[in-house]
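Asks: The structure under discussion is supplied below as structure tokens; questions concerning it will follow.
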Amino acid sequence: MSFTILLLGLFLVTYSTRALPALLIGKVKFSSRFQLFLQLLPYTSMSALVFPAILKADSVYVSVGLIGGLAALAAAWCKLPVVLSVLLAVAADLICYQMGILF
Amino acid sequence: MTKKWAVQIQQGCKAGFPVFFGYIPVGIAYGMMGIQAGMSIWQVCALSLFVYTGAGQMSTAAMLALHASVWTIWITIFLLNLRHIIMSTVVMDRLRKLPLFARLFLAFGITDEVFAVFVMEDQKQPSGWYFLGLSLISWLGWNIGSCIGACSSVLFPASVAAALNITLYALFIALLVPGIKKSRRLLCLVLLSCLLSWLLSQFLSSSATIILTSLLAAGAGTMFVKKEDVE
């Protein structure tokens, strides 16, 4: 039951942002400042989701989040595709656990 | 003779293949995360079928694991999705000749990657059929991936499951890097967000921290980030 409500709400908050322009196209113009604000939101919300939560990727050891995050950062910096960056981060953390690089 | 609309759907599917293949592994990661967060296979798949927002679904799984409230999850996902208003505006502007019901239907398929492919494809007359093919194949890829991920989590040992905790963070880092590499101002914005969220997290719950940081930092960002930085 509660999952259905969660699902319904998630559908609404996701679909509404996509459907609104379909409804209003040509009728409303956002100010350029508000447009910029909307475009910056993904950067700020993703940053907030990553830090400082990444340090608790493992509930005990900081090194897991640190090394995985650095692996993703390095991979993306070298312009590897997003998927590869994610996989490399997972691989780096696997190595962490296997070799006991935990602090 | 093949119908014109069939050809256009086909062209759309073809353009969407890279998105399709990109979505499968990320979908697998999401599926495994969802199961780990305590969702059932059906729940994991239902989110992909009806909500269809990659980063949003991963964040949902992460927040469910943290026992965040439903309202917190809704507000966070809404903020995360606000960028789609911009993308949808651009797409709908090109499809403005379509009837309203068709526009409302096609709007469901807008994602960052579909948007990127659609605007890069320099079509003289972008058609709704083309967009339908493109978004349909992308949606399929995401759902196939999610389903595989949800069903396969039992097959993997605990250390793999633990290592997968990094997925969401790695995804976000990978999405942030191109922007911060291109523009110092965006780098400053990201650092500001990290600092602010660390500060706020000392006093507030993790959910309140995420929502407040997103809004405050983006507001501050409008004062120093330039329009061309985010294009």
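Asks: At 4 °C and 1.567 mPa s, what whole-number value in µm²/s does Stokes-Einstein give for the translational diffusion of the range B:165-231, with Rh from the Kirkwood sum over Cα pairs?
Replies: Values: Rh = 12.7 Å.
D = 102 µm²/s.
Asks: Taking 51 Å as R0, compute the FRET efficiency from the Cβ-Cβ separation of A:PHE103 and B:PHE224 and round it to 0.05.
Replies: For R0 = 51 Å, the calculated efficiency reads 0.85.
Asks: Would you work out the charge dipole size for the protein assembly as shown about its Cα centre, treating the Cβ of every Lys and Arg as +1 and the Cβ of every Asp and Glu as -1, and quote it to the nearest 20 debye? Please list the in-between numbers first.
Replies: Values: 21 positive and 10 negative charges, 229 e Å.
So the magnitude is around 1100 debye.
Asks: Scale the Cα Rg of the protein assembly as shown by the rule-of-thumb value 2.2 N^0.38 Å and send over the ratio, two decimals. Each step should come with its number before you reach the end.
Replies: On the way: Rg = 19.5 Å, N = 334, 2.2 N^0.38 = 20.0 Å.
Taking N as the residue count of the protein assembly as shown, the ratio is 0.97.
Asks: Ordering B:LYS182, A:LYS29, A:LYS56 by how much accessible area each has at a 1.4 Å probe, largest first, what is the list?
Replies: Working: B:LYS182 125, A:LYS29 185, A:LYS56 160 Å².
The most accessible residue leads, giving A:LYS29, A:LYS56, B:LYS182.
Asks: So, one more: Where does the charge balance sit around B:ARG96 when Lys and Arg score +1, Asp and Glu -1, over other residues with C-beta under 15 Å from its C-beta? Don't skip to the answer; put the middle values down first.
Replies: Values: positive: A:LYS27, A:LYS29, B:ARG94, B:LYS97, B:ARG103; negative: B:ASP93.
Overall, the nearby charge balance is +4.
Asks: Any chance you could look up the accessible area of B:LEU195 with a 1.4 Å probe, heavy atoms only, rounded to 10 Å²?
Replies: Accessible area, nearest 10 Å²: 100 Å².
Asks: Can you give the accessible area per residue of the protein assembly as shown, in Å², using a 1.4 Å probe?
Replies: Working: 16150 Å² over 334 residues.
With the other protein chains kept in place, the protein assembly as shown gives 48 Å² per residue.
Asks: A further question follows. Can you tell me which of B:SER193, B:SER152, B:SER183 moves the most in a GNM of chain B? Springs connect C-alpha atoms under 10 Å apart.
Replies: Of B:SER193, B:SER152, B:SER183, the most mobile in the Gaussian network model is B:SER183.
Asks: May I ask for the angle, rounded to the nearest 10°, between helix A:32-50 and the longest principal axis of chain A, with both axes built from Cα atoms and the value confined to 0 to 90°?
Replies: So the inclination is approximately 30 degrees.
Asks: Further question on the same structure: Using bins 5 angstrom wide from zero, how does P(r) for the range B:143-200 break down, in % of all Cα pairs?
Replies: 4, 15, 14, 19, 14, 9, 12, 11, 2
Asks: B:TYR52: net charge of surrounding residues, Cβ under 14 Å, Lys/Arg +1, Asp/Glu -1, itself excluded? Write out the running numbers ahead of the final one.
Replies: Values: positive: A:ARG18; negative: B:ASP112, B:GLU113.
Residues near B:TYR52 contribute -1 overall.
Asks: For chain B, what is the relative contact order in percent, using Cα pairs closer than 8 Å and at least 6 residues apart in sequence? Could you put the intermediate results ahead of the total?
Replies: Working: 240 pairs, mean separation 78.5, N = 231.
Worked out over chain B, it gives 34 percent.
Asks: Relative to the longest principal axis of chain A, what angle (0 to 90°, nearest 10) does the C-alpha long axis of helix A:2-24 take?
Replies: 50
Asks: Residue farthest toward the positive end of the dipole of the protein assembly as shown, with Cβ of Lys/Arg at +1 and Asp/Glu at -1: which of A:LEU20, B:CYS147, B:TYR30?
Replies: After comparing all options, I get A:LEU20.
Asks: In µm²/s, what is D for chain A at 10 °C and 1.306 mPa s, where D = kT/(6 pi eta Rh) by Stokes-Einstein and Rh is the Kirkwood radius from Cα pairs? Walk me through the numbers on the way to the answer.
Replies: Working: Rh = 17.0 Å.
Translational D for this selection: 93 µm²/s.
The values are calculated or read from the model by the stated rules, or taken from the named source; none is laboratory data. Model, not experiment: these values are computed from the prediction. Note that we place each Cβ from the backbone using ideal geometry, even for glycine, and neighbour counts take in every protein chain shown. Accessible surface areas use protein heavy atoms only, side chains included; no ligands, DNA or RNA. Shrake-Rupley method; radii C 1.70, N 1.55, O 1.52, S 1.80 Å.
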